[in-house]
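Pasting a structure below so you can have a look.
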Amino acid sequence: MSKEIVLSGIRSTGNLHLGNYFGALRNFVRMQDNYDCNFFIADLHALTTNPDPKQLHASVKQIVAEYLAAGMDPEKVNLFIQSDIPEIPELYLLLNMHVGIGELMRTTSFKDKARKMLGIGAPANGDDEEAFEKQIIGAETNKRVNAGLLTYPTLMAVDILIQKAKWVPVGKDQEQHLELTRRFARRFNSFYGVDFFVEPQNFNFGAAAIKVPGLDGSGKMGKSEGNCIYLTDDPKTLTKKVMRAMTDEGPKEPNSPVSEPIQNLFTLLELTSTPDVVKHFKDVYADCSIRYGDLKKQLAEDILKITTPIRERVNEYLANDDYLRKVVATGAERARVRASQTLKEAREIMGIRKF
Ligand code: TYM
């Protein structure tokens with residue numbers, strides 16, 4: 001029986017952090033034996049935030065090395081770079097004809113990033129949408145919100161749909177993009193009366209999608225939040241980051257409710273430690289004997305157990321350009337087989353045919 005198709009990617013915007021690892025990369029490696037896996041570096045998506053060209057290039061290489069160092073086997077996985085698949089931008093153009101600018105403007109990630117680009121803060125209430133739209137449309141060209149950012153979800157949908165992927169292992173923050181992908185697929189299929197694109201689903205081995213928190217009190221771990229623990233952080237840096245994590249004054253009464261910063265520490269502990277360690281710290285929290293310093297020390301040690309082998313292997317891969325080049329060239333060649341077939345069929349469905 002043929003294996004189910006999986007596709008996912010990570011933007012090349014810097015080194016990978018624990019959010020990328022637990023939300024995505026760990027599952028990439030765990031899925032590689034049993035699925036038809038396609039994992040890539042989303043360098044075209046990275047362009048939406050106008051990176052420095054040198055940094056973009058270095059970041060693509062870094063992520064290829066980190067994928068491999070985390071255990072991805074290029075014999076089992078099509079590991080490729082998005083921009084090596086010219087069929088993707090072409091299908092992106094075609095699919096955009098069926099995507100509404102209104103639905104793109106309402107996407108949470110677009111609104112967040114556009115606000116950052118324009119230097120406007122989070123909305124005080126829901127009814128400032130109109131003002132927000134006016135600000136985008138009226139923005140001076142030196143502070144523009146680029147059209148690539150708006151159409152980010154179309155490009156992501158195409159990455160998935162062009163491979164006819166059924167499963168897309170991503171973190172919780174990407175679920176809205178997946179929902180849009182399904183909507184675009186349905187719309188295309190029903191407009192042309194075809195059963196062509198496959199509607200993809202998130203995948204986390206049956207568990208809910210993951211959101212790795214930051215250690216600065218609230219929200220998620222993310223590059224733009226500046227609160228990342230990187231897979232390549234050396235032990236001293238990493239331990240320092242964990243030891244500086246925000247806490248509270250500690251529980252005063254047995255079985256006190258857990259505040260957000262402490263819950264974030266527990267969430268990370270659950271991802272990195274064994275169940276008995278987690279239970280121990282929950283017990284000492286419940287009976288008020290917890291010492292947050294001990295919890296953080298344990299957490300730093302357990303994170304390092306996961307990241308150290310990866311960090312140690314990354315440099316070996318980075319030093320081997322020939323090998324990296326071969327891996328991504330082979331990956332692209334394989335990924336283009338299905339991509340070119342899907343594109344060819346999509347063009348025909350849409351009426352773009354040869355005489
Ligand atoms: P990016 O680079 O923002 O994130 C890459 C992956 O890391 C996950 N992630 C997290 N998961 C849990 N907790 C966090 N704090 C956290 N931070 C990041 C993301 O959910 C994601 O899985 N748009 C995608 C890249 C992409 C893509 C695709 C993914 C482009 N095309 C097609 C899947 C399929 C993204 O945001 O990457």
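Using the Karplus equation 6.51 cos²θ - 1.76 cosθ + 1.60 (θ = phi - 60°), what ³J(HN,Hα) coupling, rounded to whole Hz, does each residue of segment 334-345 give in order, writing x for Gly and Pro?
These are the phi-based 3J(HN,Hα) values: 5, 5, 6, 4, 6, 4, 6, 5, 4, 4, 4, 5 Hz.
Can you tell me which aspartates and glutamates have their Cα less than 13 Å from the Cα of Lys282? Leave out same-chain residues fewer than eight positions away.
Glu270, Asp294
Between Phe40 and residues 5 or more places away or on another chain, which pairs have amide H atoms under 5 Å apart, with H built 1.01 Å from N, and which residues are they?
Ser8, Gly9, Ile10, Phe80
Determine, from the Cβ-Cβ distance of Gln341 and Asp112 and an R0 of 51 Å, the FRET efficiency 1/(1 + (r/R0)^6), rounded to the nearest 0.05.
0.90
Right, next: What aspartates and glutamates does Lys223 reach when the alpha-carbon gap must be under 17 Å and sequence neighbours fewer than 8 apart in one chain are set aside?
Candidates past the 8-residue exclusion: Asp43, Asp52, Glu66, Asp112, Asp173, Asp233.
Then there's this: Please state the charge dipole magnitude for segment 116-235, taken about the Cα centre, from unit charges on C-beta atoms (+1 on K and R, -1 on D and E), reported in debye and rounded to the nearest 20.
In total the dipole reaches around 420 debye.
Can you list, bin by bin at 20 Å, the percent of alpha carbon pairs in the chain, starting at 0?
Going out from 0 Å in 20 Å bins, the chain shows 27, 55, 18, 1 percent.
Among Gly351, Gly148, Pro254, which residue has its Cα furthest toward the positive end of the charge dipole of the chain, with +1 on Lys/Arg Cβ and -1 on Asp/Glu Cβ?
Of the listed residues, the answer is Gly351.
Just name one of Val198, Ala209, Met117: the one whose Cα is farthest towards the positive end of the charge dipole of segment 68-209 (beta-carbon charges, Lys/Arg +1, Asp/Glu -1).
Met117
May I pose another question? Among Asn264, Val314, Ile303, whose Cα projects farthest towards the positive end of the dipole of segment 222-355, with charges put on the beta-carbon of Lys, Arg (+1) and Asp, Glu (-1)?
My answer, from the dipole projection, is Val314.
With θ taken as phi - 60° and the coefficients 6.51, -1.76 and 1.60, list the Karplus ³J(HN,Hα) couplings across segment 19-31 in order, rounded to whole Hz; mark glycine and proline as x.
Values per residue, Gly and Pro as x: x, 4, 5, 6, x, 9, 4, 4, 6, 4, 5, 5, 8 Hz.
Here's a follow-up. Between Glu270 and Asn34, with labels modelled 7 Å along Cα→Cβ, what's the label distance in nm to one decimal, could you check?
Here the answer is 2.2 nm between the modelled labels.
For the residue pair Asp283 and Lys326, what label-to-label distance in nm results when each label sits 7 Å from Cα along the Cα-to-beta-carbon direction?
For the pair Asp283/Lys326, the computed spacing is 5.2 nm.
Based on the Cβ-Cβ distance of Asp128 and Gln263, what FRET efficiency does E = 1/(1 + (r/R0)^6) give at R0 = 41 Å, to the nearest 0.05?
Step by step, r from the Cβ atoms, then E = 0.85.
From the helices alone, meaning DSSP H stretches of at least four residues, give me the mean residue ellipticity at 222 nm for the chain, per-run term -39500 (n - 2.57), in deg cm²/dmol to the nearest 500.
Counting only the DSSP helices, I get -16500 deg cm²/dmol.
I'd like the accessible area for Cys228, computed on protein heavy atoms only with a 1.4 Å probe and all protein chains in place. Round to 10 Å², please.
About 10 Å², ignoring ligands and nucleic acids.
A further question follows. Quick check for me: using +1 on Lys/Arg Cβ and -1 on Asp/Glu Cβ, what's the dipole size of segment 1-139 about its Cα centre, in debye to the nearest 20?
380
To the nearest 20 debye, what charge dipole does the chain have about its Cα centre, counting +1 at the Cβ of each Lys and Arg and -1 at the Cβ of each Asp and Glu?
Its charge dipole is roughly 600 debye.
The values are calculated or read from the model by the stated rules, or taken from the named source; none is laboratory data. Computed from a prediction, not measured in an experiment: that's the story for all the values here. Backbone-built Cβ (ideal geometry, glycine too); neighbour counts: all protein chains shown. We work out accessible area using only protein heavy atoms, side chains counted, and drop any ligands, DNA or RNA first. Shrake-Rupley method; radii C 1.70, N 1.55, O 1.52, S 1.80 Å.
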